[in-house]
Every structure is written in structure tokens, then in C-alpha cells.
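Here the structure is laid out as C-alpha cells; the discussion comes afterwards.
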Amino acid sequence: MVEYNPFSHEMVDNPFPIYRALRDEAPAYHNTDVGFYALTRFDDVMGAHLDPKTFSSAHGVTIEGIDMGMPFLIVKDPPQHTWHRKIVSRVFTPRRIGDLEPFIRSTAADLLDRFVGTDGFDAIADFSLRLPLDVISELVGIPQDLREEVHQLCDRIAARPGSTPVPPEDAVAASGELAALFIGLVAERRKRPGADVVSLLIETAVEDDDGNTHQLTDDEVGYRFLELAFAGHETVAKLIPNGIVALAWYPDQRRELVADPSLFANAVEEILRWDPPSHYQGRWTTRDVEMHGTTIPADSRVILITGAAVHDDRKYDDPELFDIHRDIDRHVSFGFGNHLCLGAALARLETRIAFEELLARFPDYGIADTGVVRQYSSNVRGLCNLPIVIERVAVGA
């Protein structure tokens with residue numbers, strides 16, 4: 001019988017064989033020790049995303065429940081979720097995202113130009129972490145002198161050094177520290193409003209279906225920014241290295257991208273499918289659900305395993321293969337339905353530009369033999385160090 005412990009470091013190192021066994025042998029898996037059910041097939045995960053009445057987000061989206069009861073957008077159900085999202089979506093209009101493209105490109109170029117002519121660099125510490133952190137900070141107005149502190153707090157929130165679902169005390173403390181930091185920034189901005197996103201969210205009101213007008217409080221705006229700061233840089237900081245690994249393993253496809261830049265957009269979709277940064281999203285059942293001969297009772301924790309769904313051979317041919325030409329009609333790497341990631345378009349843009357700029361300077365690179373380190377966190381899977389070696393073609397070769 002297959003066993004799945006999402007907090008096991010061995011499992012996190014390579015979860016895909018276990019994901020396959022879950023899809024084939026236990027598609028409605030029950031972990032009695034930790035206390036959750038898990039869905040792994042693409043159609044089941046997609047169906048749960050599209051049925052928020054049955055699979056509620058209100059009890060938090062992690063197994064640990066560290067986010068339960070917190071005023072996050074991601075743990076709200078309609079109708080509250082609807083009007084909260086309407087306000088925050090003002091941050092991610094196509095125009096705002098489009099206006100960021102020159103900044104994203106110049107930031108990526110500046111970060112990478114430092115290493116032209118060198119033997120290599122750490123793709124995470126020197127590039128993939130700094131790029132989305134600076135971009136989300138530019139978008140939401142995090143001052144330059146606070147950005148490193150914001151990153152360190154986000155890392156502490158996500159850290160899971162042990163192999164149990166109990167969040168470390170430091171993660172809980174970091175959540176409070178980061179919330180206080182942002183709530184303080186909101187209070188300052190309310191006193192001295194400007195033409196920034198914080199001021200926009202403070203001043204914006206929306207009308208719900210009953211005709212009631214809503215505005216966010218300082219605490220609510222602060223927590224919106226905590227969500228945006230965390231998701232806006234932690235996930236992209238993991239996604240880019242996952243793609244760097246993929247293109248190191250598949251150098252022929254890397255050479256295709258260098259030769260034909262029109263392939264970059266679809267390559268980003270395949271990176272998202274092949275190894276998404278967020279491997280599961282938690283839900284809570286509001287009624288009994290019958291699936292694959294198993295009854296999932298009401299009031300049960302259910303996790304939707306994105307990392308398994310995007311490798312389901314019922315949906316994708318040869319899913320373990322990385323293929324930048326793959327036809328991807330839809331995937332669940334950014335969630336789906338009500339909780340489709342607000343920053344999906346920005347993440348795609350950042351990732352595409354990151355690889356355009358990276359491969360324009362370093363079309364040939366390899367991964368160093370030592371120094372690769374995996375980060376163990378809650379539901380985000382990725383590396384914290386990825387040293388790459390810049391390969392140079394000898395003159396006259």
C-alpha cells in the first residue's frame with residue numbers, strides 16, 4: 001500500500017514516483033496519521049477547484065492549518081472572496097502588468113550582466129530570488145530598505161526543517177512580524193496617500209451583489225500585501241530554477257529556445273507543468289464526497305496535489321518528459337476557478353523574460369557538481385541554492 005507523507009524530506013526530494021502510485025492505486029488517498037485526504041488525478045483536482053461549495057478554502061490551504069482563521073484572500077469563500085478579490089485585482093490589471101515589462105527586463109539584465117565573463121554564479125541567490133522580489137516590491141511599493149527583511153521573513157514562514165506537520169514556532173513568529181511590518185506601512189500610507197498601489201487599495205471601494213459597499217481595513221490591506229509579497233516572489237524564485245534544471249537536463253531544447261525566441265512562451269507553460277513551485281493546495285469538505293470507492297466525510301482536510309495532477313498520464317502523454325512543444329490546453333499550476341492565482345500573468349511574464357535574458361547571455365551552461373541545496377518548506381517545492389557553470393566555446397572550435 002502506497003504511503004504519502006508530504007513532510008518527508010525523502011519524498012520531497014523526488015515525489016513523482018509516489019505521485020504515480022497514488023494516482024494509480026489510491027486516487028482518493030487517506031493519511032490517517034496526519035489526518036487528510038489527497039486527490040492526485042488531473043480531472044479530480046480540476047473538479048475540486050471548480051466546486052468551491054464542496055471543497056472550501058475557509059479552513060486554510062495548508063495541511064498544518066497555520067493560515068486558518070487568518071484574514072487572507074486565499075482562505076475566503078464567496079461572497080467575501082468575490083469582493084475582496086475585486087479590490088485586489090486592481091493591482092494586476094493588464095495595463096499595470098504591461099507597464100512593468102521594461103522594469104522586469106532591465107532588472108534581469110542588470111542582475112545577469114554582473115556574471116558575463118565569469119565561470120558561473122548561483123542561479124537562485126544571485127538571480128531568481130532577486131528578480132521577483134524587486135518586481136513585486138516595485139508593484140506594491142515595498143521600500144528598498146525593507147526588501148531583504150521581507151524575504152527573510154517569508155523564508156522563515158515557509159521553512160519546515162522537520163518531517164512533521166507541526167509548524168515551527170519561528171514560522172508562526174515570522175508571520176506575525178511580517179503582518180506587523182505591512183500593517184505599519186499601510187498606516188503610514190493612509191496618513192500620507194500617494195499614487196501607489198497601497199493608497200489605491202486603501203481608497204478603493206466595491207459593491208457586492210446585495211448593493212453593499214465595502215472597503216478594506218488597514219489590517220486587511222496589510223494582509224493582502226503579505227500574501228502578495230510572499231506568493232509574488234517565493235513561487236517565481238522557485239519556478240525559474242526548476243526551468244534552469246529542466247533546460248540543463250534537456251540541452252537540445254535549450255538550443256531550440258536560443259535559436260527561436262518565439263518558443264519561450266510555451267516553454268514557460270511546460271516549466272509550470274513539469275515542476276510547479278506549489279505542489280498542493282488544501283481544501284475542507286462541506287459534505288460527504290464519494291470518489292473512487294472512498295467516502296471523504298464532511299469536515300475533512302483534502303489536499304489537491306498539483307504536482308501529481310500535472311504528471312497524470314490520463315491528461316498528458318509522456319508526462320515525465322520535458323517538452324517545450326507540448327500542447328497544453330490548461331493546467332492547474334496556478335490553481336483554477338475562484339482561486340486562480342491573481343499574479344499568474346505577472347509570473348508568466350517574469351519567467352519568460354528571465355529565460356530570454358539568461359539564454360541571451362549564457363546559451364550554454366551546466367549545473368555544478370556540488371552545492372545544489374533543496375529547501376524544505378510547506379507546500380512550496382524548490383531549491384535554495386543552484387550553482388551553475390557557464391560553459392564557453394573555445395576560440396576556433
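Below is a table of values for the structure above.
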{"read-out": "C-alpha center-to-center spacing [segment 105-177, segment 354-380] in angstrom", "value": "15"}
{"read-out": "Most to least packed among 355-363, 7-15 [average Cβ atoms within 10 Å]", "value": "355-363, 7-15"}
{"read-out": "Kirkwood-Stokes translational diffusion coefficient of segment 9-390, alpha-carbon pairs, 37 °C, 0.692 mPa s, µm²/s", "value": "152"}
{"read-out": "Residue-by-residue Karplus 3J(HN,Hα) for segment 318-331, coefficients 6.51, -1.76, 1.60, Hz, glycine and proline x", "value": "6, x, 6, 7, 8, 9, 5, 9, 4, 7, 10, 6, 6, 8"}
{"read-out": "Point-to-point label distance, Val116-Ala368, nm (Cα→Cβ direction, 7 Å offset)", "value": "2.3"}
{"read-out": "Residues in segment 138-162 reached by a label modelled at Ala195 [backbone nitrogen below 18 Å; 7 Å Cα→Cβ]", "value": "138-142"}
{"read-out": "Computed over segment 313-397, Cα set: Rg, Dmax in Å", "value": "17.1, 57"}
{"read-out": "Summed side-chain charge close to Leu131 - residues other than Leu131 whose Cβ falls under 15 Å, Lys, Arg +1, Asp, Glu -1", "value": "-4"}
{"read-out": "For segment 106-229, average projected area of the Cα convex hull in nm²", "value": "11.2"}
{"read-out": "Candidates Asp313, Asp126, Asp369: whichever shows maximal mean-square fluctuation once the chain is modelled as a Gaussian network with Cα springs under 10 Å", "value": "Asp369"}
{"read-out": "Charge dipole of segment 273-317 about the Cα centre (unit charges at C-beta), most positive-ward option of Val310, Thr286, Pro297", "value": "Thr286"}
{"read-out": "Long-range amide H partners of Cys384 with built H, under 5 Å", "value": "Val373, Arg374, Gln375"}
{"read-out": "Top positive-direction residue, dipole computed over the chain with Cβ charges, set Gly335, Trp249, Ala195", "value": "Ala195"}
{"read-out": "Residue among His151, His325, His49 with the largest mean-square fluctuation in a Gaussian network model of the chain, springs linking Cα atoms under 10 Å", "value": "His325"}
{"read-out": "Selection from Ile136, Ala267, Asn379 lying farthest towards where the dipole of the chain points positive, charges on Cβ", "value": "Ile136"}
{"read-out": "Built amide H within the under 5 Å cut-off of Val289, gap 5+", "value": "Ile296, Ala298"}
{"read-out": "Full-extension gain in nm, Ser8 to Asp51, via 0.36 nm per residue minus C-alpha separation", "value": "12.5 nm"}
{"read-out": "Where labels lie 7 Å past Cα in the beta-carbon direction, separation of Asn385 and Glu356 in nm", "value": "3.3"}
{"read-out": "Candidates Gly232, Gly371, Gly120: whichever shows maximal mean-square fluctuation once the chain is modelled as a Gaussian network with Cα springs under 10 Å", "value": "Gly371"}
{"read-out": "Potential lengthening between Leu263 and Val172 on full extension [0.36 nm per residue; Cα-Cα distance subtracted]", "value": "28.6 nm"}
{"read-out": "Sum of -39500 (n - 2.57) over DSSP H runs of 4+, divided by residues of the chain (222 nm, nearest 500)", "value": "-14000 deg cm²/dmol"}
{"read-out": "Residue-by-residue Karplus 3J(HN,Hα) for segment 111-127, coefficients 6.51, -1.76, 1.60, Hz, glycine and proline x", "value": "5, 7, 4, 4, 10, 5, x, 9, 8, x, 6, 8, 5, 9, 4, 8, 9"}
{"read-out": "Global geometry of segment 244-397, whether rounded, prolate or oblate, following the gyration tensor of its Cα atoms and the 1.5 cut on a/c", "value": "prolate"}
{"read-out": "Phi to ³J(HN,Hα) by Karplus 6.51 cos²θ - 1.76 cosθ + 1.60 over segment 171-178, Hz, x for Gly, Pro", "value": "5, 5, 5, 5, 4, x, 5, 5"}
{"read-out": "Charged-residue dipole, Cβ positions (Lys, Arg, Asp, Glu), segment 9-390 about Cα centre, Debye nearest 20", "value": "560"}
{"read-out": "Stretchable slack from Glu256 to His292, in nm (0.36 nm times residue separation minus alpha-carbon distance)", "value": "8.8 nm"}
{"read-out": "Residue order, fewest to most surrounding Cβ atoms within 10 angstrom, among Glu234, Glu220, Glu138", "value": "Glu138, Glu220, Glu234"}
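Bear in mind that the values in this text are calculations on the coordinates, not laboratory data. Predicted, not measured: the structure shown is a model, and the values here were computed from it. We place every Cβ from the backbone using ideal geometry, glycine too, and count neighbours over all the protein chains shown.
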